[in-house]
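Notes for the one structure printed next.
The values are calculated or read from the model by the stated rules, or taken from the named source; none is laboratory data. From a predicted model like this one, the values you see are computed outputs, not experimental measurements. Glycine also receives a Cβ, built like all others from the backbone with ideal geometry; neighbour counts cover every protein chain displayed.
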Amino acid sequence: MADLGWLDDVLDPALVAEAGERAHRVLIGSALRAVEGEVPPGPEEGYEAVGFAVDALDLLAWDAIAEDPKAESTRRLCGQMFALARARLPAWDSPEARLELLRTACLGWIADETPLAARLLADVELPSEPRLADDWESRVRRGTADAWLLLLRKRGWDDLDALDQLLVRLRWEQEGLEEPYLSAAGDDARPAAWSLAAHYHLLKTAELLAEYLATGALMRGRRPSRHYGVRERVQSHCDRALEAAVASADPDLEVLVRLLAATADQIIDNSLWTVARAVSPEVNAFVASLVDRDRPRPIFEVLPPQRVALAEQGLIRTAHRSVVVSLPTSAGKTLIAQFRILQALNAYDKQQGWVAYVAPNRALVNQVTRRLRRDFAGLGIGVERISPALEFDGLEEDMLTDRGEGRFRVLVSTPEKLDLLLRSGWQERIGRPLCLVVADEAHQLGEGKRAIKLELLLATVNREALDAGFLLLTPFIDNGDVIAEWLDSGSRQSVGLSVDWAPNDRILALALRERTPGAGGFRVALETLVTSRRTLSVPDTLPLDGNRPLGLTWSQASSPTKLAAATASVLAGRGQTITLAGRPDYAWSIAKLLAGGREDVPDPGEDLRAVQDVVAEEFGPDFPLVGLLGKGIGIHHRGLPDDIRTLTEYLMESGDLTHLVSTTTIAQGVNFPVANVVLASHQFPYGEDIPAPDFWNLAGRAGRVEQGEVGLIALAATDEVRAGKLRAFVGRQVTELNSTLVEMVRTALSSYGHLDLRTLAHLPQWSAFVQYLAHTYRQIGDAEEFAEEIEQILRGTLGFQDLRRTDRGWAAELTRSVRAYAERLSGQPLALVDSTGFSWESVSATLGRLSDARIGRDVWEQPLFEGDRRPLAQLIGVMLEVPELRDNLVEVTNEHEGRSGDFVARVMQDWVNGASMRQLAADHFAKAGTRDELKAITKCCQRLFGELAPTVSWGLSALQSLTLGKNFATLPAETQRELRNIPSYAYYGVRTEDAIAMRLAGVPRSAADRMAATNTDGTPAGGPAAARSRLAALPETAWRSALGAKGPAYRTVWRILDGAR
């Protein structure tokens, strides 16, 4: 092998960087071609030098592949060469062009850029049709290239089937074409024969790889009793191909064979079957389900970060108790979690252990539940979600305590609900060990008011669930090892990548106004940004096609909302788009601008029509969302019911919608890829910047690998001042994950000079902290022992560890304050802290208020949601004085009739008794003298779903605990069950247990009561799983009978919400 070390000395890094910029110009130009974006070619001088740099890198890459294709230096070189080569691919189709495409794709595989490499093949016609004039060797060469391109792309089973058919055709043609071709070759017959032999071995290699990817074995159908190692078989054919290529005296063929041999080895490494080999029968069954023909998007190869985590860093077999997986967005963390879940369930199969999957919000709870149900359905693993309502109704009790074959093995929950479950003693009632906690989006340990709740939940599990392991999933953080050590210093593992891997190219840009001739003329231009992440950029402003998009003028586009709408309309030609607005009313404005002049979707699918029908049933046929859906535009914000938002997400994911307009809150929950993301605002409502991890999580969703799209993220910059703010916003770094407890202590000390937990307990974050102390005190059960263990208890939190590193004086002050607070807890009924979710201070004060108001157990003997609303208003009046509840209620009451509780009681009675959203909005949220129905409905949904229903439900459950106490256990079972259901009536807006079952099973509220009536045999409603089974068994005629003409639409929508579709 030639010594190419001299190239390292003469290869100027500046030339390589210039070559990279030229490649960026080509890639950005290709990405903007659909919207006629103008990308300057760059300066002409230096082309020759850049060409030398590219050729030198090419030589170095080939040399490195021949030396050691798996070395890290080889991956880096191939990555550099792949980035340049893919920008130089021929625009026309020919055998030579296909060969160059194959070489480039193979470089991507070796460089661990498999999604980007597969994207190059997305639109290639495979296999190609041979020309009549082609001789046998030309056909074989073309067939070899096509076979490998199909193998690399494998866009579902169609590509693997096409590869199989291609090989069948070549074998059939071989009988009639091979001998005449060699006979006519004359003196060239020998090298031609060697060349054919090399290609035959390469074709056989492709066939073996395809069989292995699909089945995990070779020749199992023909010789089931024998085991054939795929790597050895493949290497054998590659070795023979190389010998034949050398004998053919064709140096290009020799290089190709070496390249394909290295690629074949990488494909085997990436195969699901290799990654999951010899783990357990359950894992084998799971892998078989992932590659199954009936799966819409089968997974044959894992992504490089998944391979690194599962195989190279050993996570699929890990015995470590505390594991942190820190990988970038779209790196496939959910699949990693699924393998870890299977491992945990298998280890605790005899005890029927269960897994808690914690997601930060309702949207992600729903998404995760649907995916886990779909992927685990064939394995007999029950997946259930518990509602975010901070109470447990009779049906959830049935589900949690079920010991039969339908029992859950995976429970999906928000942190708050799981915390309530564990502190209220449900783990003992479940009677099976909690064996794993998966915390998704775990970077939220360091963000926001709810962060301390997740931290203390994990600390509680760590202290009390001795069998439980931990898997924390998060985008990039710098201190994953510290987080893992916090939960178990002796058995921990931090899994991550040292580079910012991305599955697709991304362009991050400012969207600017650029004047054009004529009155009010302007067009949108992009200023690409250089970031610390892997993004494409050029030092030019890039104008996009279209004068005065959406008919807007220069002055009108000075609004970020309208500039974002204009940008989204221009980018629509690239593919699906999400546009983010700062407020719901801005989102409606953008959607209406985009809809203007749009034609209806020409042939809407069944799902889209069904969602339209259900929205019309809930809000009326003239509700704007009905028409927007018909034009392929969805709306997503907190001014809509959860069900509608979930359905909208599904329609975007399935491709039924081309545009989604949302508030910035979706940055915490979006989990589907699109071509473009346009931000009218980079802030949450009330002026808080989107946290850096959430922004990059959102940016990571831009770009659809399987459709060959580059992701484009555009931020509307109406002037230079705003542009400067946005550049600074994008430039923020994602750093270490730190506990919010440090900031809580710092703020309290700066305000008061010392820590007094009794006076701090009214603040939400400190309330969570003192509840953790009260629960731990109760578990220990002895004041002296608790006093001795205080520092050890605090060491169980991440925050105390951070405090000790930050300021030991602060840590000492926190210890002192906890010791003082513990003296207050002695002899108190702390079980009420766990059952209510209140601090002891709130519990004590609320008991006093209940006594003063003479509210006792008899309040539950009257119907709260019918007739006289004064009892309910009284209870809500008490809630308005509870710190943990009042922040969610006081703003609503202040907008209406003060803090009496009467307004909320009126709303909740109408809600439970079946009033439609339209009626609730008109009766309670429409401003006098105005006819803005949309604004009233938006306000109604925001208040009802975001504040009233969850808070009143929680409050009713807590007040039951405070008024009934230990007497609850002495009541008849039927009475206990009915009492448990009362908070759920408030949460779901229904009035029977059967209707609760329908809501838990995913039936929209507007159909829940009527579908509950289909349970005519008098059997109990059962848990959510029983309700789902009953609904799944109902024919379409039963839905039509219960719901009328809209029945089939509701059935379709239920199947979407349940995850069965």
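Taking the numbered list (1) touching a helix residue (DSSP H, G or I) at 6+ places or on another chain (Cβ under 7 Å); (2) of a type in the set (A, V, I, L, M, F, W, C); (3) over 30 Å from VAL721 (Cα atoms) in turn, VAL538 passes all entries but (3).
So in the stretch 312-359, with the set limited to residues that are closer than 27 Å to THR648 by Cα and in contact with a Pro (Cβ under 7 Å, 6 or more places away or on another chain), which one is modelled with the highest pLDDT? Step through it out loud before you land on a result.
In the first step, residues of the stretch 312-359 are kept if they are closer than 27 Å to THR648 by Cα; the result is 328-338, 356-359.
So of that shortlist, the ones also in contact with a Pro (Cβ under 7 Å, 6 or more places away or on another chain) come out as 328-332, 358.
Working: PRO328: 75, THR329: 74, SER330: 75, ALA331: 76, GLY332: 82, VAL358: 94.
Going through the qualifying residues, I end up with VAL358.
Kindly indicate whether ALA812 is surrounded by 19 or more Cβ atoms within 10 Å (Cβ to Cβ), out of contact with any Pro (no Cβ under 9 Å at 6 or more places or on another chain) and not acidic (Asp, Glu). Considered against the rule, which asks whether it is surrounded by 19 or more Cβ atoms within 10 Å (Cβ to Cβ), out of contact with any Pro (no Cβ under 9 Å at 6 or more places or on another chain) and not acidic (Asp, Glu), ALA812 comes out as no. Scoring THR414 on the criteria (1) surrounded by fewer than 17 Cβ atoms within 10 Å (Cβ to Cβ); (2) within 24 Å of ASP1058 (Cβ to Cβ) leaves a single failure, condition (1). Looking only at residues in the stretch 947-971 that are surrounded by 15 or more Cβ atoms within 10 Å (Cβ to Cβ) and among the small types (Gly, Ala, Ser), which one is modelled with the lowest pLDDT? Step by step, filter the stretch 947-971, then rank; the result is GLY965.
So which residues in the stretch 696-742 are outside any loop (DSSP other than H, G, I, E, B) and either acidic (Asp, Glu) or modelled with pLDDT under 75 (or both)?
VAL705, GLU706, GLN707, GLU720
Could you tell me whether VAL482 is under 15 Å from GLY799 (Cα atoms) and among the β-branched types (Val, Ile, Thr)? So VAL482 passes the test.
Within the stretch 184-217, restricting attention to residues that are under 48 Å from the mean Cα position of the chain (by Cα) and part of a loop (DSSP other than H, G, I, E, B), the residue that is surrounded by the most Cβ atoms within 10 Å (Cβ to Cβ) is GLY216. Scanning the stretch 535-551 for residues that are over 10 Å from ILE28 (Cα atoms), among the hydrophobic types (A, V, I, L, M, F, W, C) and in contact with a strand residue (DSSP E or B) (Cβ under 6 Å, 6 or more places away or on another chain) yields a total of 1.
Considering ARG317, ARG293, ARG321, which residue is in contact (Cβ under 8 Å) with a residue 40 or more places away in the chain, under 23 Å from ALA439 (Cβ atoms), among the basic types (Lys, Arg) and assigned by TED's automatic domain parsing to the domain that holds LEU487? So that I can check it myself, show each step before the final result.
Working: ARG317 fails: in contact (Cβ under 8 Å) with a residue 40 or more places away in the chain; ARG293 fails: under 23 Å from ALA439 (Cβ atoms).
When all the criteria are applied, what remains is ARG321.
Which fully enclosed helices (runs of 4 or more DSSP H) of the stretch 576-691 have 3 or more residues being touching a strand residue (DSSP E or B) at 6+ places or on another chain (Cβ under 9 Å)?
Working: elements: 584-595, 606-619, 624-630, 642-654.
Fully inside the stretch 576-691 and qualifying: 584-595, 624-630, 642-654.
Among the residues examined, ASP419 qualifies as buried (at least 19 other Cβ atoms within 10 Å of the Cβ), out of contact with any Cys (no Cβ under 8 Å at 6 or more places or on another chain), of a type in the set (Asp, Glu) and farther than 18 Å from LEU372 by Cα. Residues being touching a residue at least 24 places away in the same chain (Cβ under 8 Å) and in a strand (DSSP E or B) are represented in the stretch 365-383 by at least one member.
Here is a list: LEU608, LEU580, LEU625. Which entry is of a type outside the set (Asp, Glu), over 18 Å from ILE937 (Cα atoms), surrounded by 18 or more Cβ atoms within 10 Å (Cβ to Cβ) and at pLDDT 95 or above? Outline the logic, then answer.
Values: LEU580 fails: at pLDDT 95 or above; LEU625 fails: over 18 Å from ILE937 (Cα atoms).
Result: LEU608 is the single residue among LEU608, LEU580, LEU625 that is of a type outside the set (Asp, Glu), over 18 Å from ILE937 (Cα atoms), surrounded by 18 or more Cβ atoms within 10 Å (Cβ to Cβ) and at pLDDT 95 or above.
Could we say that VAL892 is crowded, with 18+ Cβ neighbours inside 10 Å and modelled with pLDDT of 90 or more here? Taking the combined requirement at face value, the residue does not satisfy it.
Here is a check on your reading of the model: is LEU390 hydrophobic (A, V, I, L, M, F, W, C) and not in a loop (DSSP other than H, G, I, E, B)? Considered against the rule, which asks whether it is hydrophobic (A, V, I, L, M, F, W, C) and not in a loop (DSSP other than H, G, I, E, B), LEU390 comes out as no.
Restrict the check to the stretch 923-940 and report whether at least one residue is surrounded by fewer than 16 Cβ atoms within 10 Å (Cβ to Cβ) and closer than 20 Å to GLU866 by Cα. Checking the stretch 923-940: at least one residue is surrounded by fewer than 16 Cβ atoms within 10 Å (Cβ to Cβ) and closer than 20 Å to GLU866 by Cα. Within the stretch 872-914, the residues that satisfy the criterion of being among the small types (Gly, Ala, Ser) and outside any helix (DSSP H, G or I) are GLY898, SER900, GLY901, GLY914. When ARG574 is tested against (1) over 28 Å from the mean Cα position of the chain (by Cα); (2) surrounded by fewer than 22 Cβ atoms within 10 Å (Cβ to Cβ), only condition (1) is not met. Check the stretch 84-95 and report whether any residue there is buried (at least 23 other Cβ atoms within 10 Å of the Cβ) and without any contact (Cβ under 8 Å) to a residue 40 or more places away in the chain. Yes, that holds for at least one residue.
Output yes when any residue across the stretch 545-558 is aliphatic (A, V, I, L, M), crowded, with 20+ Cβ neighbours inside 10 Å and assigned to a helix (DSSP H, G or I), and no when none is. Full working, then the answer.
Restricting attention to the stretch 545-558, the residues satisfying the condition of being aliphatic (A, V, I, L, M) are 550, 552, 557.
With crowded, with 20+ Cβ neighbours inside 10 Å added as a condition, the list becomes 552, 557.
Within this subset, residues satisfying the condition of being assigned to a helix (DSSP H, G or I) are 557.
Yes, the stretch 545-558 contains a residue that is aliphatic (A, V, I, L, M), crowded, with 20+ Cβ neighbours inside 10 Å and assigned to a helix (DSSP H, G or I).
When THR114 is tested against (1) crowded, with 23+ Cβ neighbours inside 10 Å; (2) modelled with pLDDT of 95 or more, only condition (2) is not met. For the stretch 133-183, the tally of residues that are among the polar types (S, T, N, Q) and surrounded by 17 or more Cβ atoms within 10 Å (Cβ to Cβ) stands at 1.
Restricting attention to the stretch 998-1036, which residues are of a type in the set (Lys, Arg) and modelled with pLDDT of 90 or more? If you could, list the steps in order and put the result at the bottom.
Residues of the stretch 998-1036 of a type in the set (Lys, Arg): 999, 1005, 1010, 1028, 1030.
Within the stretch 998-1036, ARG999, ARG1005, ARG1010 qualify.
Listed by position, the helices (runs of 4 or more DSSP H) inside the stretch 264-324 whose residues that are under 19 Å from PRO503 (Cβ atoms) and not β-branched (Val, Ile, Thr) number at least 3 are 304-307.
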